[in-house]
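Everything below concerns the one structure shown next.
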Amino acid sequence: DAGVIQSPRHEVTEMGQEVTLRCKPISGHNSLFWYRQTMMRGLELLIYFNNNVPIDDSGMPEDRFSAKMPNASFSTLKIQPSEPRDSAVYFCASTPPGLARGTQYFGPGTRLTVL
Amino acid sequence: AQKITQTQPGMFVQEKEAVTLDCTYDTSDQSYGLFWYKQPSSGEMIFLIYQGSYDEQNATEGRYSLNFQKARKSANLVISASQLGDSAMYFCAMREGQIPPTDSWGKLQFGAGTQVVVTP
């Protein structure tokens, strides 16, 4: 089975540009999580969805960040406008429901560089 | 308040030796789960092992075992017979109970990680 798929794997953009990161969770999983990882702050949860509904977005840094999950197989994280401090690795993870312990399976990440 | 503490920022271990990575946690929930993830230099986050708060036996997965001491709120990872490929950052994480009334799971809280370097 395919794991969590993220695209693009690498993104280099200039300050002020819009950036869209994409995630396809594992089929059958009903929870999806967006994380950001930096050396300074470690792994931070930005937002998570259950059954396509945002549950907790308290980790979203500011209004420049937005996330959507229009259906069970697709989610986007958008940054508009981007700033150099947004440079990080962004991970998407998904979790199956029920008696599966809540184990999160991570995608390969998107390395974002904002110049 | 920080919920997961990993006090060892980095450690060296010789090939074929065992290594213990420390993790302590803080929760008032009775039902929770503890996880360890490995992040090699290539960057992906790899799930290693899980321990449920009600599990009476320590979890084991191949060369990985979890030393779960509930009263002390510790969940140390033991890697036996270290291999060069074990060099990576290791993260401890905790998930609190399910989100009622659904069967969905909530977020994980991650520790800061421990960098392990295995030497020949």
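What follows is calculated from the coordinates using simple rules that are stated; it is not laboratory data. Just so it is clear, the structure is predicted and the values come from calculations on it, not from any experiment. Note that each Cβ is placed from the backbone with ideal geometry, even for glycine, and that neighbours are counted across all protein chains shown.
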- Item | Length-normalised contact order of chain B in % [C-alpha pairs under 8 Å, at least 6 apart] | 36
- Rounded to a whole number, the mean other protein chain Cβ count within 10 angstrom for residues of A:27-33 is 2
- Item | Residue order, fewest to most surrounding Cβ atoms within 10 angstrom, among A:LEU115, B:LEU48 | A:LEU115, B:LEU48
- For segment A:50-62, 3J(HN,Hα) per residue [Karplus equation, 6.51 cos²θ - 1.76 cosθ + 1.60, θ = phi - 60°, Hz, x = Gly/Pro]: 10, 6, 6, 9, x, 9, 8, 10, 5, x, 5, x, 5
- At a Förster distance of 25 Å, what's the computed FRET efficiency of B:GLU15 paired with A:ARG111, Cβ-Cβ distance as r, to 0.05? 0.25
- Among A:ARG64, B:ARG95, rank each residue by its count of other Cβ atoms within 10 Å, from fewest to most, as a rough exposure measure. A:ARG64, B:ARG95
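Considering only DSSP states other than H, G, I, E and B, which GluC sites (Glu not before Pro) in segment B:1-102 qualify as loop sites with at most 10 other Cβ atoms within 10 Å?
Numbers: sites: B:GLU15, B:GLU17, B:GLU44, B:GLU56, B:GLU61, B:GLU96; in loops: B:GLU15, B:GLU17, B:GLU44, B:GLU56.
Here the sparse-neighbourhood loop sites are B:GLU56.
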- Task: Please give the residues of segment A:56-97, grouped as numeric ranges, whose backbone N is less than 11 Å from a label point set 7 Å along the Cα-to-Cβ vector of A:MET40.
- Result: A:84-87
- Sort all Cα-Cα distances of segment A:10-115 into consecutive 5 angstrom bins from zero, then give the percent of pairs in each bin up to the one containing the longest distance. 2, 13, 24, 25, 18, 10, 4, 1, 0
- Note on the structure: Looks like the protein assembly as shown, by Cα gyration tensor root eigenvalues a ≥ b ≥ c and the a/c under 1.5 rounded cutoff (else prolate when a/b is bigger than b/c, oblate otherwise), is oblate
- Could you give the distance between the Cα centres of segment B:45-75 and segment A:85-115, to the whole Å? 22
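Counting other beta carbons within 10 Å of each Cβ, put A:ASP57, B:ASP26, A:ASP86, A:ASP63 in order, fewest first. If you can, show how the numbers build up before the last one.
Values: A:ASP57 15, B:ASP26 12, A:ASP86 20, A:ASP63 7.
By the 10 Å Cβ count, ascending, the order reads A:ASP63, B:ASP26, A:ASP57, A:ASP86.
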- Could you run the Karplus curve 6.51 cos²θ - 1.76 cosθ + 1.60 with θ = phi - 60° over segment A:87-98 and give me ³J(HN,Hα) per residue in whole Hz, x for Gly and Pro? 4, 4, 9, 9, 10, 10, 9, 9, 9, x, x, x
- Query: Given the options A:SER87, A:SER73, A:SER58, which has the most mean-square fluctuation in a GNM of chain A, springs set between C-alpha atoms less than 10 angstrom apart?
  - Reply: A:SER58
- Item | Spatial separation of Cα centroids for segment A:3-52 and segment A:66-80, in angstrom | 9
- Expressed as a rounded percentage, what relative contact order does segment A:15-115 have, with Cα pairs under 8 Å and six or more residues apart? 33
- Of the residues B:GLY62, B:ALA88, B:GLN115, the Cα lying farthest along the dipole of chain B towards its positive end, which is defined by charges on the beta carbon of Lys, Arg, Asp and Glu, belongs to B:GLN115
- Two-decimal ratio, segment B:17-120, of alpha-carbon radius of gyration to 2.2 N^0.38 Å: 1.10
